[in-house]
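The values are calculated or read from the model by the stated rules, or taken from the named source; none is laboratory data. All values derive from a computational prediction rather than experimental measurement. Because the Cβ atoms are built from the backbone with ideal geometry, glycine has one as well, and the counts that use them run over all protein chains shown.
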Amino acid sequence: MSIVNQKIGGEIQTIASSLLESGEVAAFLGYTKGSLPGMMRPYVARDSGEAGNLSWSSFCVINLANYLPALLRSVEPPRRPNEPPPEGQLPKVGVVATGCWSRNMVVQVQENQIDRSRVVIVGVSSRGMVDRRKVERLVGNREITAIEEEDNVLIVRGKGFEETINRWDAVRDNCKTCLHPDPVIYDELAGGLSGDRQIPDRFHEVEEIEALSVDERWKWFQEEISSCLRCYACRNVCPLCYCPTCFVDDSRPQWVGKSTDEVDTALFHILRAYHCAGRCTDCGSCESACPMGIRMRLFTKKLQKDVIELYGFEPGLEADAPLPLSTYKVDDPEDFIITAGKKGDQK
C-alpha cells in the first residue's frame with residue numbers, strides 16, 4: 001500500500017465529509033475504485049457517508065474538470081432549458097484537482113463555463129499518473145488480476161506470475177513532461193506541494209516529428225490515426241469540448257462525414273486539435289480514453305509548443321491572463337500571416 005496515496009486519500013475523505021456534513025457543498029466530485037485492477041472512476045458523493053467511498057491512487061487519469069459544468073447544473077433548482085439561473089446564492093460543489101486539472105478549471109472560469117465562487121477545490125500535487133497500457137506492456141501483455149501500488153513500485157499479479165516494476169517506468173508521457181504538478185488554484189490541500197519541475201526537453205516528442213520531412217510527417221499522421229473508430233471518446237472526455245453542437249454533429253452545413261473514411265478521420269483529428277489550441281493543458285485524458293491507443297496528445301502538444309513560442313503563453317496558469325487566440329493588439333506581429341513575395345509585393 002502506498003503511504004503517500006493512503007495519506008492523500010484519507011485527507012480527501014476527511015475534507016469531503018466535512019464539506020458535505022456542514023452543507024458547504026451539495027456534492028463532492030472525486031474518485032473511487034473501478035471494476036478492473038489499475039482502474040479508477042469518477043465518483044460523486046452527495047452526503048458525508050458517501051465520502052468514505054472516495055479513494056486516491058496513481059491511476060486517477062480522467063480529468064475531473066470535464067464533469068464540473070454538468071455537476072453544477074445538477075445541484076441547481078430545476079428550470080426550463082432557456083430559463084436563466086435563479087438569483088441569489090446557488091449551491092456549491094467540491095472537486096479534487098491536480099496541476100493540469102486545476103489549470104483546466106481556470107480556463108473554464110475564463111470561458112464562463114463554471115463560476116469559481118461555486119467550486120471548492122481540493123488540491124493535490126501530482127506525482128505523475130500511471131498509464132495502465134504501459135503496465136500491461138511491461139508484463140508482456142499478460143492478463144492482470146491485481147495491482148498493488150507502493151510508493152515507488154507497482155506489484156503486478158496475474159495467473160502464474162507476479163512482477164515488480166518501477167512506478168516511474170509506467171508513468172504517463174504527459175506527466176513526465178509536466179512542469180506544473182501543483183494545483184494553481186485551490187481552497188483546501190490534500191498532501192503537500194512539490195513545486196515546479198525543471199524539464200529541459202519537454203517537447204522532445206514533438207521535435208522528433210518536426211525533424212521529419214513534410215511527406216514523412218503526413219505519413220506518420222495517417223498511420224497514427226489509421227485505427228480510429230470515430231467513437232469520439234477523446235472528445236467526450238475532454239474538459240474543453242463543451243460546444244452545444246460539435247462540428248462533427250452539425251448537419252447544416254455538414255463539416256465532416258461520420259464514416260471512418262481516411263479524409264473524414266483526418267479532418268476530425270485536425271479540427272479537434274486546433275479547437276484546443278491555446279487552451280489544452282496536456283492532461284492526457286484523450287489518450288487515456290482512446291480504446292485504440294492513438295497518441296493524439298502529440299497533435300495538441302505541437303500546438304501547445306507553437307502557442308508558447310508565438311505568444312509566450314501557457315493556459316490556466318493565470319486566471320486574469322488574456323487568452324491568446326481571442327485577444328488582439330494593434331502591434332501583434334504578422335510574420336505568420338504576411339510573407340514577402342516579389343519586390344514591392346506582399347502575399
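Just one of the listed residues (Arg235, Arg272, Arg297) is touching a helix residue (DSSP H, G or I) at 6+ places or on another chain (Cβ under 6 Å), basic (Lys, Arg) and within 22 Å of Asp173 (Cα to Cα), namely Arg297.
Taken over the range 143-166, the criterion of being in contact with a strand residue (DSSP E or B) (Cβ under 6 Å, 6 or more places away or on another chain), crowded, with 19+ Cβ neighbours inside 10 Å and outside any loop (DSSP other than H, G, I, E, B) is satisfied by Ile147, Leu154, Val156. Out of the residues in the range 186-201 that are assigned to a loop (DSSP other than H, G, I, E, B) and among the charged types (D, E, K, R), state the one that is farthest from Ala97 (Cα to Cα). If we take residues in the range 186-201 being assigned to a loop (DSSP other than H, G, I, E, B) and among the charged types (D, E, K, R), then Asp201 is farthest from Ala97 (Cα to Cα).
Among the listed residues Asp215, Asp169, Asp182, identify the single one that is touching a Ser or Thr at 6+ places or on another chain (Cβ under 7 Å), at pLDDT 95 or above and of a type outside the set (S, T, N, Q). The unique qualifying residue is Asp182.
Quick grid of which residues meet (1) more than 16 Å from Pro183 (Cα to Cα); (2) touching a helix residue (DSSP H, G or I) at 6+ places or on another chain (Cβ under 7 Å); (3) among the β-branched types (Val, Ile, Thr):
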{"residue": "Phe59", "(1), (2), (3)": "yes, yes, no"}
{"residue": "Ala65", "(1), (2), (3)": "no, yes, no"}
{"residue": "Arg73", "(1), (2), (3)": "yes, no, no"}
{"residue": "Val106", "(1), (2), (3)": "no, no, yes"}
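Among the residues of the range 242-286, the ones that are at pLDDT 90 or above, assigned to a loop (DSSP other than H, G, I, E, B) and under 25 Å from the mean Cα position of the chain (by Cα) come to 9 in all. Leu310 passes every criterion in (1) within 19 Å of the chain's Cα centre (by Cα); (2) modelled with pLDDT of 85 or more apart from (1).
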